[in-house]
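The values are calculated or read from the model by the stated rules, or taken from the named source; none is laboratory data. Since this is a predicted model, take the numbers as computed values, not measurements. Cβ sites come from the backbone with ideal geometry, for glycine too, and all protein chains shown count toward neighbours.
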Amino acid sequence: MGTDRQPHFRDSPDQVDMVRAERSIRVSGMLSFLIVPALWALGYWLLPLRFSFPETLAGQLAFSVQVSSVVLFCVLVAVGMVSTGRRFSPEDIGGAAAGPPSERLAIKVAFLQNTLEQAVLAAGFYVAFASLVSGPWLSILPVSAACFLVGRVLFYRGYVKGVEGRAFGMTLTMMPVILGYPVVFVLMVINVLG
């Protein structure tokens, strides 16, 4: 495979340049690893200037559920894309049990499945984190939800280009969760020992 060839999501395994794909994933992951904490810090310093964050456990948990609605809205959009696509496609009108999706619907189905997986992880992180922190620390949640939203758009738009096209969207979606769950575990241990 030449390096000037544009990858495609339906490429057969022997057409995939694994070195190039892995490099794309690593670069995207590193960019997301740098961007997300920088955005968290920016949110921590700037958002409390405009908003007051909850200081009680009930308020913190309510806030996390409200922020989770952003990621669940992304799932709703993805469900709508698939159901609308099925309605107007003779190959897909029979539903998932009738066979694999047509090329016209395949990306939408993959987007829905991946968005649902990511939404479960993100919403769980939001609730767990909000149960352990209050005040300005909660600014991490809307920043994470914004990363989720932007990441989903980039993931979907780049999907047709294969792994290289969707890598940054995927890593931007995931990075708040990848970085956030270890923070949750550390805070849990501190709470237990403290």
May I ask you to list pairs of residues, at least six apart or on different chains, whose Cβ atoms are under 6 Å apart, with the first in the stretch 104-124 being of a type outside the set (A, V, I, L, M, F, W, C) and the second being not in a helix (DSSP H, G or I)?
R104/S89
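To keep it simple, each residue is scored yes or no on (1) under 14 Å from the mean Cα position of the chain (by Cα); (2) not hydroxyl-bearing (S, T, Y).
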{"position": "A128", "(1), (2)": "no, yes"}
{"position": "S131", "(1), (2)": "no, no"}
{"position": "P136", "(1), (2)": "no, yes"}
{"position": "A145", "(1), (2)": "yes, yes"}
{"position": "L149", "(1), (2)": "yes, yes"}
{"position": "M170", "(1), (2)": "yes, yes"}
{"position": "V177", "(1), (2)": "yes, yes"}
{"position": "V189", "(1), (2)": "no, yes"}
{"position": "G194", "(1), (2)": "no, yes"}
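Examine the stretch 119-130 for a residue that is touching a Lys or Arg at 6+ places or on another chain (Cβ under 7 Å), surrounded by 15 or more Cβ atoms within 10 Å (Cβ to Cβ), modelled with pLDDT of 95 or more and among the hydrophobic types (A, V, I, L, M, F, W, C), and state whether such a residue exists. Lay out the reasoning, then the answer.
Our first condition is that a residue be touching a Lys or Arg at 6+ places or on another chain (Cβ under 7 Å); within the stretch 119-130, this holds for none.
No: the stretch 119-130 contains no residue that is touching a Lys or Arg at 6+ places or on another chain (Cβ under 7 Å), surrounded by 15 or more Cβ atoms within 10 Å (Cβ to Cβ), modelled with pLDDT of 95 or more and among the hydrophobic types (A, V, I, L, M, F, W, C).
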Test G162 against the stated conditions and say whether it is more than 21 Å from F53 (Cα to Cα) and at pLDDT below 95.
yes
Listed by first then second residue, the pairs whose first member lies in the stretch 28-44 and is under 13 Å from P142 (Cβ atoms), whose partner is of a type in the set (S, T, Y) and in a helix (DSSP H, G or I), with beta carbons under 7 Å and at least 6 positions apart or on separate chains, are G43/S139; Y44/S139
Which condition from (1) farther than 16 Å from V143 by Cβ; (2) within 17 Å of the chain's Cα centre (by Cα) is the one that V70 breaks?
(1)
Residue ID - farthest from A106 (Cα to Cα), chosen from residues in the stretch 30-82 that are surrounded by fewer than 19 Cβ atoms within 10 Å (Cβ to Cβ) and among the hydroxyl-bearing types (S, T, Y)
T56
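Only one of L105, L39, L34, L46 is within 23 Å of V183 (Cβ to Cβ), in a helix (DSSP H, G or I) and in contact with a helix residue (DSSP H, G or I) (Cβ under 7 Å, 6 or more places away or on another chain); which? Before the answer, list the steps.
On the way: L105 fails: within 23 Å of V183 (Cβ to Cβ); L34 fails: in contact with a helix residue (DSSP H, G or I) (Cβ under 7 Å, 6 or more places away or on another chain); L46 fails: in contact with a helix residue (DSSP H, G or I) (Cβ under 7 Å, 6 or more places away or on another chain).
From the options L105, L39, L34, L46, the qualifying one is L39.
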Counting only residues in the stretch 64-100 that are charged (D, E, K, R) and in a helix (DSSP H, G or I), the one farthest from A122 (Cα to Cα) is identified as R87
Taking the criterion of being within 19 Å of F73 (Cβ to Cβ), within 11 Å of the chain's Cα centre (by Cα) and surrounded by fewer than 16 Cβ atoms within 10 Å (Cβ to Cβ), would at least one residue in the stretch 102-114 satisfy it?
no
Which numbered condition A145 fails, given (1) assigned to a helix (DSSP H, G or I); (2) modelled with pLDDT of 90 or more; (3) farther than 24 Å from W45 by Cβ; (4) of a type outside the set (S, T, N, Q):
(3)
